[in-house]
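Single-structure report; data block below.
Bear in mind that the values in this text are calculations on the coordinates, not laboratory data. In this text the structure is predicted, and so the values were computed from the model without any measurement. So basically every Cβ, Gly included, is an ideal-geometry build from the backbone, and we count neighbours across all protein chains shown.
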Amino acid sequence: MADSQLSADYVIVGSGIVGAMLGAKLARSGASVLMLEAGGASDRGVFVARFRNASRRGDWMTPYPSIPSAPHPIYRPDDNGYLVQAGPYPYPAEYVRQVGGTSWHWAAHAWRNLPNDFRIRSLYGVGVDWPFDYDDLEPYYQEAEEIMGVGGSTETGSPRSKPFPMETVAEPYAMARVRERLAGTYKVLANTVARNSRSFDGRPPCGGANNCQPICPIDAQYHGGIAVQQALKAGVKLQIHANVF
């Protein structure tokens, strides 16, 4: 976009998976939506090529280099009651400032909260209770899962009003062996992921031949880049290199 003056009913700061999905829903309802992204935009093929040609395959940020105007932040949290740092080395969570956001390398983990998570102050004496409960949020979990194509186990403690929209991805051989060895002591459940077990939304099923991080080479997992494309198709306008202060 080259407009010097931009106007919209809704302005969304950041083009991550949540902002893009919300923007698409607002645009489909007839609202004008502008999404501001501090980083730039690249084709998924560029990300895949960067990783394949990288000398440091263990660095999951290799496909997504920072740019001077929008460097990637590194979050090193203190023990704050929500996230407990149990050792001397805090987990340095890395964030991607790029169209699509950090979910480019999220491995498509799409867990729901547990009902008790909404009442941690009342139940455990830490943090604060949420202003709504699990049942209020459940229909929106389902709505998001149907967009992303989520599948998983029904035994994770998060009640469902409808079945998963996607069948569980085939169990890898190594995981089957782990499950067999732990049988009788532990019950191994399928992970809840937004990863195709069949063709869905114009994307192929997971081939099981690559790691999901830092990027799925065939686009079998849902990510913010897909959400942005859906938002643009719905009529959302996107402005890149737009830092908000």
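Can you compute the FRET efficiency between Asp135 and Ala234 using 1/(1 + (r/R0)^6), with r the Cβ-Cβ distance and R0 = 45 Å? Round to the nearest 0.05. Can you show the working numbers first?
Numbers: r = 29 Å, r/R0 = 0.64.
After rounding, the FRET efficiency stands at 0.95.
So, how do all the Cα-to-Cα distances of the stretch 109-210 break down into 10 Å bins, in percent, from 0 on up?
14, 36, 30, 17, 3
Based only on other Cβ atoms within 10 Å, what is the fewest-to-most ordering of Val18, Val48, Val150, Val193?
Working: Val18 14, Val48 17, Val150 22, Val193 25.
Neighbour counts put them in this order, fewest first: Val18, Val48, Val150, Val193.
Based on the Cα coordinates of the chain, what is the per residue volume of their convex hull in Å³? Mind dumping the intermediate values first?
Working: hull volume 45.5 nm³, N = 245.
Spread over its residues, the Cα hull of the chain gives 186 Å³ apiece.
To make sure I understand, if each residue's beta carbon is the centre and we count other beta carbons within 10 Å, what order do Ile74, Ile226, Ile218, Ile147 fall in, fewest to most? Provide the component values of the computation, followed by the final result.
Details: Ile74 10, Ile226 24, Ile218 16, Ile147 19.
The fewest-first ordering by Cβ neighbours comes to Ile74, Ile218, Ile147, Ile226.
Mind putting together the pair-distance distribution for the stretch 7-61? All Cα pairs, 10 Å bins, whole percent per bin, short to long.
21, 35, 25, 15, 4
For His109 paired with Ala93, estimate the spin-label separation in nm (one decimal), with each label point 7 Å from Cα along the Cα-to-Cβ line.
1.0 nm
Between Ile67 and residues 5 or more places away or on another chain, which pairs have amide H atoms under 5 Å apart, with H built 1.01 Å from N, and which residues are they?
Correct list: His72.
Suppose we keep just the alpha-carbon trace of the stretch 23-160; what are its Rg and Dmax in angstrom?
Rg then Dmax for the stretch 23-160, in Å: 18.8, 51.
Return the long-range amide H neighbours of Gly14 (sequence gap of 5 or more, or a different chain), with a cut-off of under 5 Å between placed amide H atoms.
For Gly14, whose amide H was placed from the backbone, the distant partners under 5 Å are Leu36, Glu37, Ala38.
Between Leu182 and Val11, what's the calculated FRET efficiency when r is the beta-carbon distance and R0 is 51 Å? Round to 0.05. Before the final figure, lay out the partial values.
Details: r = 49 Å, r/R0 = 0.97.
It comes out at approximately 0.55.
Cross-link candidates for Lys233: which lysines have Cα within less than 17 Å, leaving aside residues fewer than 8 places away along the same chain?
Straight-distance partners of Lys233: Lys25.
Express in nm, to one decimal, how much length is gained between Asn210 and Glu171 on full extension, taking 0.36 nm for each residue of separation and deducting their alpha carbon distance.
In short, 12.7 nm is gained.
Rounded to the nearest 0.05, what FRET efficiency do Val18 and Thr156 give with R0 = 25 Å and r taken as the Cβ-Cβ distance? Could you check?
Values: r = 21 Å, r/R0 = 0.85.
Given R0 = 25 Å and the Cβ-Cβ separation, E is 0.75.
In the Gaussian network model of the chain, springs joining C-alpha atoms below 10 Å, which of Leu137, Leu182, Leu114 carries the largest mean-square fluctuation?
Comparing Leu137, Leu182, Leu114 in the GNM, the peak value goes to Leu182.
Please list the non-local residues whose amide H lies under 5 Å from the amide H of Val150, H modeled 1.01 Å from N, same-chain partners needing a gap of 5 or more.
For Val150, whose amide H was placed from the backbone, the distant partners under 5 Å are Met166.
Relative contact order for the chain: what is it in percent, counting Cα pairs under 8 Å that are at least 6 residues apart? Write out the running numbers ahead of the final one.
Numbers: 403 pairs, mean separation 76.2, N = 245.
About 31 percent, as a whole number.
Full extension from Arg198 to Asp43: what is 0.36 nm times the residue separation minus their Cα-Cα distance, to one decimal in nm? Walk me through the numbers before you get to the answer.
Details: separation 155, 0.36 × 155 = 55.80 nm, distance 2.36 nm.
Working it through step by step, the gained length comes to 53.4 nm.
What ranking do Asp133, Asp117 get, fewest neighbouring Cβ atoms within 10 angstrom at the top? Kindly include the intermediate steps, with their values, before the conclusion.
Details: Asp133 13, Asp117 16.
With the fewest neighbours first, Asp133, Asp117 line up as Asp133, Asp117.
Subtract the Cα-Cα distance of His72 and Val244 from 0.36 nm times their separation in residues, and report this length gain in nm to one decimal. Display every interim value, and only then the final one.
Numbers: separation 172, 0.36 × 172 = 61.92 nm, distance 1.46 nm.
Between His72 and Val244, full extension yields an extra 60.5 nm.
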